[in-house]
Amino acid sequence: MSAIHRALRWSPRLRLSRTTSGFLGGLALFVGLFLVANAVATAVWQDPITAVFTQADQKALNKELDQLEHASLPSDTLALVKNAGSEDSRMAVLAGHLRDTGAGEPLGRIEVPRAGARFVFVSGTGEGALKKGPGHYAGSALPGEAGTVAIAGHRTTYEAPFRRLDRIHTGDEVILTMPYGRFSYSVEGSRVVSPSHVNVLRHVKHSRLVLTTCTPLFSAKRRLIITARLRRAIPRGAAATLKPLPPVAPFSSAAG
């Protein structure tokens with residue numbers, strides 16, 4: 001017998017006490033049950049772990065949005081609002097004021113009654129932004145501007161804001177509430193496309209909203225697209241309270 005074999009034969013074996021063995025066995029059972037419970041909850045509802053973080057983010061975003069709605073506007077923006085000739089023009093000016101909002105910062109609120117969804121939506125559709133809630137596609141219009149407003153959201157993680165988006169029917173209402181206006185959209189229809197089919201976000205002749213999310217559940221292979229047409233826009237905040245300046249007659253140097 002070689003020296004190595006003799007050493008292995010006579011080496012002391014690791015022995016665990018009954019208490020330690022019981023603890024490790026219980027721990028393994030707990031972890032297993034937790035993973036199963038988490039999987040079941042995600043399948044029938046949403047991922048409960050990531051939901052906790054998003055709930056905290058949404059609470060903070062609500063406070064930030066409340067502050068934004070009551071914040072004073074820059075003097076140059078106020079002048080543009082007062083010079084705007086209509087409610088639509090005033091809302092478009094104030095929408096442009098939010099163009100520089102940083103990724104992950106709040107823009108407004110989205111409500112989809114049929115899907116039971118009401119969230120603060122943020123600027124950007126990157127990973128960090130979508131962890132906080134639905135995200136507004138950079139380059140798409142903001143409510144009040146001409147063109148397509150586009151918003152993305154998760155279906156199974158981070159409080160799953162668009163979990164029930166597949167339940168929406170034609171004619172259902174989707175509401176976007178901005179610091180400067182409340183915009184009501186009527187659903188036109190839905191379709192499923194590949195992730196590379198970005199043409200669905202294009203601008204069309206009318207003002208509309210496009211919502212996007214992954215489909216089917218637990219897969220990112222396809223995208224569910226909901227389109228809705230703008231039906232009504234009601235000004236809020238400065239867009240409603242600031243009155244347009246009366247037109248000024250052109251100056252003439254001729255003597256009267």
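The values are calculated or read from the model by the stated rules, or taken from the named source; none is laboratory data. Just so it is clear, the structure is predicted and the values come from calculations on it, not from any experiment. Note: ideal-geometry Cβ built from the backbone for every residue, glycine included; neighbour counts use all protein chains shown. To get the accessible areas, we keep the full protein, side chains included, count just its heavy atoms, and leave off ligands, DNA and RNA. Shrake-Rupley method; radii C 1.70, N 1.55, O 1.52, S 1.80 Å.
A few notes on this one:
- Straight Cα distances below 28 angstrom link Lys205 to the lysines Lys82, with same-chain residues fewer than 8 positions distant left out.
- A cut-off under 9 angstrom between Cβ atoms defines the neighbours of Pro235, and their net charge, with Lys, Arg +1 and Asp, Glu -1, is +1.
- Net charge over other residues, Cβ less than 13 angstrom from the Cβ of Arg182 (K, R count +1; D, E count -1): 0
- Formal net charge of residues neighbouring Pro195 (Cβ-Cβ distance under 9 Å; K, R +1; D, E -1): +3
- For the stretch 97-192, applying the loop criterion from DSSP together with a ceiling of 13 other beta carbons within 10 Å to the trypsin sites (Lys or Arg not before Pro) yields Arg99.
- Checking every one of the chymotrypsin sites (Phe, Trp or Tyr not before Pro) in the stretch 118-223 against DSSP loop status and a limit of 16 other Cβ atoms within 10 Å picks out Phe218.
- Once all protein chains are placed together, Glu64 keeps about 90 Å² accessible to a 1.4 angstrom probe.
- Packing rank of 73-84, 219-230, where each peptide gets the mean count of other beta carbons within 10 Å, highest leading: 219-230, 73-84
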